[in-house]
1. Of the residues that sit in segment 328-350 and are part of a loop (DSSP other than H, G, I, E, B) and at negative phi, which one is surrounded by the fewest Cβ atoms within 10 Å (Cβ to Cβ)?
2. Taking the stated definitions as given, is residue 673 modelled with pLDDT of 95 or more, of a type in the set (Val, Ile, Thr) and on the phi < 0 side of the Ramachandran plot?
3. Among the numbered conditions (1) in contact with a Leu (Cβ under 7 Å, 6 or more places away or on another chain); (2) touching a residue at least 24 places away in the same chain (Cβ under 8 Å); (3) charged (D, E, K, R), tell me where residue 649 comes up short.
4. So the check is Cβ under 8 Å with 6+ separation or different chains; which pairs have a first residue in segment 673-690 that's open to solvent by 40 Å² or more (accessible area, probe 1.4 Å) and a second one that's among the acidic types (Asp, Glu)?
5. Taking the residues in segment 766-780 that are of a type in the set (Val, Ile, Thr) and under 18 Å from residue 511 (Cβ atoms) as candidates, determine which candidate is surrounded by the most Cβ atoms within 10 Å (Cβ to Cβ).
6. Are there any pairs with C-beta distances below 8 angstrom linking a residue in segment 162-177 that is assigned to a loop (DSSP other than H, G, I, E, B) to a residue that is hydroxyl-bearing (Ser, Thr, Tyr), with the two at least 6 apart or on different chains, and if so which?
7. Cβ-Cβ under 8 Å, sequence separation 6+ or interchain: first residue in segment 72-101 and open to solvent by 50 Å² or more (accessible area, probe 1.4 Å), partner assigned to a helix (DSSP H, G or I). Which pairs?
8. Which count do you get for residues in segment 443-460 that are free of Cβ contacts under 8 Å to residues at least 40 places away in the same chain and over 20 Å from residue 753 (Cα atoms)?
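The values are calculated or read from the model by the stated rules, or taken from the named source; none is laboratory data. Predicted model, so just to flag it, every value in this text is computed and none were measured. FYI the Cβ positions are ideal-geometry reconstructions off the backbone, even for glycines, and counts take in every protein chain you see. The accessibility values were calculated without ligands, DNA or RNA, using every heavy atom of the protein model including side chains. Shrake-Rupley method; radii C 1.70, N 1.55, O 1.52, S 1.80 Å.
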Amino acid sequence: MADTVKITIDDIEYEVPAGMNLVDAAKLCGVDIPVFCYHPKLGYAGNCRMCLVELGTPRRNRETGEMELAWFPRLQTACTQTVVDGMSIRTRSEKVRDGRRIILELLLSSHPLDCPICDKGGECPLQNLTMEHGPETSRMYWEDKMHLGKHIPLGELIYLDQERCIHCARCIRFQRLVADDPVLGFDQRGRRQRIITSSTPPFDSIFSGNTTDICPVGALTTADFRFNARPWEMVQVATICSHTPEGSNMYFDTRPDREAGGRTTIKRVMPRQNEQVNEIWLSDKSRFVHHYMEHPDRLTRPLIRKGGKLVEATWEEALEEIARQLQAAEAEVAGIAGGRLSNEDFFAFQKLIRGQGSNNLAAYPARVAGAEFVAQVGVGVGTNFLDVGEGDAILVVASDLHEEAPIWWLRVKAAAERGATLIVLNGRETRLDKFATHRIRYAYGEEVATLNAMLGSLDDEHIQPEREVEGLEETLRHARGFEASPELAAAAKAFAGAENAILIVGGEGVGAETSHNLAQAASNLLIATGHVGRPNNGLIIVWGAANSQGAFDMGIHHRYGPGYQPVEQPGLDYAGIIAALKSNDLKALYIAGADPVFDDWLMEEALRATNAYIIVQDMFLTQTADLADVVLPTQSIAEKEGTYTSGERRVQRFYQAIEPIGESKADREIFLTLAQKLGHGEARTVAGLIFNQDIAGAVPQYAGITYQALARVEKQFPDVGGEDLYYGGTSYPNRHGLGVQWPVAAEDESAGLVVRPAEAGSRLTATDSALVVVPVTVLYDAEPVMQKTQLLRQRVPAPYAALNPADAARLGIEAGDMLEITSDGHAIRVMAVLDETAPRGAAIVPRRLQAQGAPLAAVVAPVVRLERIGA
């Protein structure tokens, strides 16, 4: 088939991609064909009939043998047609206009006339198309209208108005085709047909909010936006998801709120199209969790500990006291920064700590490492999962993407459905296994050994680095000491032989040291097989926070500064900081945007034992802040501007959407004010100046990237938003910037590549009384931002451990029993859940469902039943 074909639309000839859907092809040519059921991300259903056109296709005349245009006698649905060379359609004829008018009249026959109070009013495809194509008057009798339910909860997040539904099935198809959560369906028939949910809990999907974007009417609405504001009243402010590492593009829809005293508030969160990042989708956490920003528990003034209690103080008093303590501490200071901070915040933070002469810096969460390998062999500039398909490969190791990075899960799944070879390496079954070509199970503790065995199983034919590689022979000798099963060897050959290959590394069940070694093993495999230095090839690490990549780029690390430049005197890492606190070798600790006490009992012990001065900077009085000597209130992402860097190294801007809460300040402003007080430089606190001048000058990878470059946009397909909301839904077009990926070393053909043997750990083995306790990440956890968001808090499960039924029977445990798991002298209590997919000999324990509720890495620990349910 040729790459393009010629078609005629309303007597004008166009050239379009071969095999394209006719509606999409017309859209590409600037011709709108109205649709309801069709969506460019979902394909056709052919059930609304709104896309009727006159259609002619080339056919051979049986008598003359010549090709001629044969017109169908009746109108045809455009959404079910694929373009072919010579096709012709008419979209504006009287016959077409009559067809559209009849379809709309039928759709409106039982549709309520409640546009003035409908949440979709002002951005409603049905409303817009009725104005353009519908009948001026109705021939239907009022008494014949079908009256159904008006406020039906499909779940706690989404409500259904059954009368408004036009049965397009977009929501059903999205849940089945895109989200792989087929929890919606039709019940009844004809005009009584209605949407129902078939799951427990209702509408059980982490992507449910997307159905409200693609719904062409006001049938589906979100619980937090219903009857809250009008689309034309709101201002859209571009932002980035601050909770997971994909860098999802979003808009905060804002409006002054009378109930908030006239202060601007966030009314809803909407997707901002970026086809290279999140397309037009959001996870429900990204969409709904913003309510914590306006929670009454937000800190509004600094707190200083006096007489053993934290009491309110002025900013001047707090900053003067901190400056005095840091000045006295000199180089005996350490800093821990959480992944919600912006790049500008991180840069200012390391400037403050290093200005003291200290390299004691750690990014939090500290369980995932290996950013220096991303700087060498991260995915090439221009990488887009939409371009990955047949002939390509994706390898995912030690990660449950559905819980850790939901948008990447959607995109990897879609790539596999397009024909990409998907290889999943994990100690347990995950949602991605269903789409994998190769599913490899390893014993916990053997994550690095498994990747080493993949490399070692490859023969010289598959070892094809694109340039000279330092340490390759030694690394191959080391890797060939690991035995690969036939299935693992087959997966390795598929990966090596792929045209393009992406390797995604997570941190499930591993600590910082193992995570670093796993990234090394991944880097070795990519370099040895030549899958580096170009688009859709390279390494992605599934970071534990939204801007962990940015933290490392800015130099929040004990061994290197901004831009991965080695420091002369390495400092303490996270574990070293804890040890130094216990031994009183530190005089001050600055924790910004992190709550390590919530996760780590070792940190709590250290903070309670130390004599060091503790400074905590956060939005809430967290468990870590409660142990501090001074607590500073900071702003949320909606109250400031700056940049984040996604796990694919895409630097993206976000903008201030609402006024700061109370007296809270931007993190960077606090750091730089302190730095100035201590004589470490001028307090240049404007985010744009910090990025364009300081960061661009100190971080080589960011050289040439400016705020102006980050704001550039380009035409994207498919079109969303705008006047033709019926086509792509109410997701917004991107008018504020697509971001810029920074290049890795492998993209410079003159740069040398280095591999080193990756040190492998030992298999963890269960005993008669102990199981391998594996900490895993869940999307809905009990961190403060979730606890402060009522809508999502309902989906946070009680702390639990998932056990294989065979292990439970052996240990005398039944579902619902309360268990105690003891590790390193620390005991946690969880409820027993029996799960056939849990591996034998393991207890799967989600992180962050309770304070200090899981070990930091997989460990063999006794599991004891405390009480029987109902006892």
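1. Per the criteria, the residue is 331.
2. Details: modelled with pLDDT of 95 or more: yes; of a type in the set (Val, Ile, Thr): yes; on the phi < 0 side of the Ramachandran plot: yes.
Taking the combined requirement at face value, the residue satisfies it.
3. (1) is the only condition that residue 649 fails.
4. Pairs found: 676/682; 677/320; 684/694; 685/669.
5. The residue in question is 773.
6. Note: pairs meeting the criteria are 163/110.
7. Filtered contacts from segment 72-101: 82/22; 90/96; 97/133; 101/133.
8. Going through segment 443-460 one residue at a time, the tally reaches 3.
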